[in-house]
1. Just rank ILE96, ILE233, fewest to most, by other beta-carbon atoms within 10 angstrom.
2. Please give the contour-minus-distance gain from GLU73 to ASP184: 0.36 nm per residue of separation, less the Cα-Cα distance, rounded to one decimal in nm.
3. Classify the chain as rounded, prolate or oblate, taking a ≥ b ≥ c as the square roots of the eigenvalues of its Cα gyration tensor: rounded when a/c is under 1.5, otherwise prolate if a/b is larger than b/c and oblate if not.
4. Of all DSSP beta bridges in the chain, what percent run antiparallel (nearest 5)?
5. Sort 196-203, 262-269 for me by packing, meaning the mean count of neighbouring Cβ atoms within 10 Å per residue, highest on top.
6. Extent of region 1-118 along each principal axis, from alpha carbon coordinates, in Å, largest to smallest?
7. Which lysines have a Cα lying under 29 Å from the Cα of LYS44, excluding residues fewer than 8 positions away in the same chain?
8. Can you tell me the 0 to 90 degree angle between the C-alpha axis of helix 241-252 and the longest principal axis of the chain, rounded to 10?
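Computed from the coordinates by the stated procedures, all read-outs in this text should not be read as laboratory data. Bear in mind that the values here come from a model prediction, so they are computed numbers and not experimental data. So basically every Cβ, Gly included, is an ideal-geometry build from the backbone, and we count neighbours across all protein chains shown.
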Amino acid sequence: MSPLEQPVCFICEKRCEANSVGGEFDVVCSLCGKYRISRIAFNKPKYFNGDRHFMMCAIRKMSAEGKHISFHEGLENELRSLVFPPQNPIESIDLILKFVAGNTGPGRVVDIDLSKDFPLFFAVDACELDFHVKNAKELGYLSGHDDMSASCTIALTLKGWQRLDEIKRYSRDSKRGFVAMWFDASMDAAWEQGVKPALEKTGFIPVRIDAKEHNNKICDEIVAEIRKSGLLIADFTGHRNGVYFEVGLAMGLGIPVVWTCRAGDIEKAHFDTRQYNHIVWENPEDLKEKLVNRIDATILT
Ligand SMILES: [Zn+2]
């Protein structure tokens, strides 16, 4: 390993540390975290044509979790199926609370360096992170951070721990994809060759609970699984009551739903739900392809 003189991070173009390892570099960037990259790519940061801010935040988050990131073509797409940036200031605050909880315990403090740690929270800069921390404090979730210094020492209040408990019940970044469908032998291929591989391809863990084992009752296990899911696939072929119930539950919890139905069965869809944009499929392969496209276009963007 040999250090490089004045290297520049391929992702954020700020000064970083880089050590040569064979034909590659191990990069340590105060904003992007750690990643490995080929020598050829590293020497041409201006040729990076991805979303620099997303990549900076996603790589920082992954490296903070101890994951080894090797930069390659297609990495951005892979990360987009694994890392979900907050969509509004409330979700940014939730992310800060999760970080504090993950790095400390009740009554303990954690230090955040606003100028270096803003990518961990998908903020555009230190100012935005400062805004979220102050709002979290105003809401009573955090204590500390009284001055305007670059580094802040914060702790979760009891109200902050309560808020965490609430958000744990439904995690937007959950990779679990719950599948609500008719449990009939005629649907086995749709599951095996359609829904299951489509979820796996888009980075979700397929979760299906066989309702037959539960005498068709909506059991606590199903409710608990749906609460933990980041996505629900609902197939209306056969028009089972349980599927309608599970969709209603997911929608009430704010979990995205993808509606699907086999051609020939869509005409029997309940009047109240007919306006939803169902994927109408002909065979398992068709279902898989359309599901992957729909998840890519609507859930992972
Ligand atoms: Zn960087």
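1. ILE96, ILE233
2. 35.8 nm
3. It is oblate, given that a/c is not under 1.5 and a/b is not larger than b/c.
4. About 60 percent, rounded to the nearest 5.
5. 196-203, 262-269
6. Cα extents, longest axis first: 46, 28, 22 Å.
7. Partners found: LYS14, LYS34, LYS61, LYS67, LYS116.
8. 30 degrees
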